[in-house]
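What follows draws every value from the coordinates through simple rules; no lab data is involved. As the structure is a prediction and not an experimental result, all values here were calculated from the model. We place every Cβ from the backbone using ideal geometry, glycine too, and count neighbours over all the protein chains shown.
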Amino acid sequence: MFAREIEPKNPNTLFDGVQYTLYSEDGVHMVKVINVCDLLDSLYGDAWFKVDGPDYDVTSKAVSHWCDKNNSHYYAAEREDFFEFLAVREAIEAKKDCVIVEDLS
């Protein structure tokens, strides 16, 4: 098993209890960017990455539900095709103010 460092959460950068970073591609439209691991930590604590934790179908549905509830977009790509600016652009085009990002590598 591996250890994960947990950084203290800044209450000024929480969105529905999940740490985010503000990002703007054009300097006007601000989008909250949330790493999927931070979202899963918020939803499941450290159980989501354990062998006996919730399976992919369960966590996928939970992420999708969270996105629907919070006007958020989901973006995932393999490392070589993963670009945060594309995630933000997709969120803006979808008229969302938050994007969950996942590097599939």
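Here is how the numbers come out for the structure above:
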quantity	calculated
Considering only the chain, percent of DSSP beta bridges that pair antiparallel, nearest 5	35 percent
Which label in [x] 13.9, 44; [y] 14.4, 44; [z] 16.9, 59 gives the computed Rg and Dmax of the Cα atoms in Å	[x]
Ranked list, fewest to most other Cβ atoms within 10 Å of each Cβ, for Ser42, Ser64	Ser64, Ser42
Exposure rule at most 16 other beta-carbon atoms within 10 Å, DSSP loop GluC sites (Glu not before Pro): the chain longest free segment	26-77
Order of Asp52, Asp38 under a 10 Å beta carbon neighbour criterion, fewest first	Asp52, Asp38
Qualifying chymotrypsin sites (Phe, Trp or Tyr not before Pro) for segment 23-82 [loop in DSSP, other Cβ within 10 Å: at most 11]	none
Test item: Cα-centred dipole of segment 11-103, Lys/Arg +1 and Asp/Glu -1 on Cβ, debye	360 debye
Residue order, fewest to most surrounding Cβ atoms within 10 angstrom, among Leu14, Leu22	Leu22, Leu14
